[in-house]
């Protein structure tokens, strides 16, 4: 057995047991689905690693397609989305439902139907458990897959953006979501970001977004001449899809920027158990690329030499 296998095995055995403090007994889950097979695969992960660990709470499936709306998973409440805001529009719909419902779980998880696809071999949900969720509920943190910005000067709508939590899976406290107004609390409506209804995304002036940010957004959308991404096209039948994708990227990045602005921290899911286990200062916040790399490397070095690894 090599070191990598030993480390992952150690994570699996100790999942959810290494963070001091009270363990969570409930977590609300909002899953946004468009593809039924992918939705079922992600629900299977949640059943195994969330429900299977005895965590109660609301289970909300936002159906952004008729195929997903036809599913009837036991224990889940189906909400009918319009897919106009893709995942993030669905996240806000789920959050609004949580506020209007009877659930009071201290922690909320948002995920889309690609979660299992992006994490096929080793689910980060394996290393998150009741103790970790309890820690998240007490801290001003959002946990997920951390994407570092291309430069230290990155910004979105004049807010610093050293990095952001990718939108396929994010976990944070209910209290922080209430403070922010939910996942999309301050995100301008699409018609404000892209006011010219007669123009394609590429033709929009997008006055609320700086030229620097637009250049970065173009690369993510596959519109930059320096990228080979071809997710969407800027004209014809794909115009609405492009506008929706552009808006959801802004929403995803603005959520993290606002989180940092309000004194919160972004934490990579794979770093949570490593850093908490060996006393690293994850509660103080990840606000720079170099600090994250130093902390993760330190945690891994300690773990590789930990006597409990068999």
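No value in this document is a laboratory result; all are computed from the given coordinates. From a predicted model like this one, the values you see are computed outputs, not experimental measurements. No Cβ is skipped: glycine too gets one built from the backbone with ideal geometry, and neighbour counts run over all protein chains shown.
Below is a table of values for the structure above.
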item: Ranked packing of 149-155, 57-63, 183-189, most packed first, by mean Cβ within 10 Å; result: 57-63, 183-189, 149-155
item: Cβ-based exposure ranking for 117, 34, in which fewest neighbours within 10 Å come first; result: 117, 34
item: Simple spin-label estimate for residue 166 and residue 70 in nanometres, 7 Å along Cα-Cβ; result: 3.0 nm
item: Normalised contact order of segment 48-192, rounded percent, pairs of Cα under 8 Å and 6 or more residues apart; result: 25 percent
item: Residues 136, 127 arranged by fewest to most Cβ contacts within 10 Å; result: 127, 136
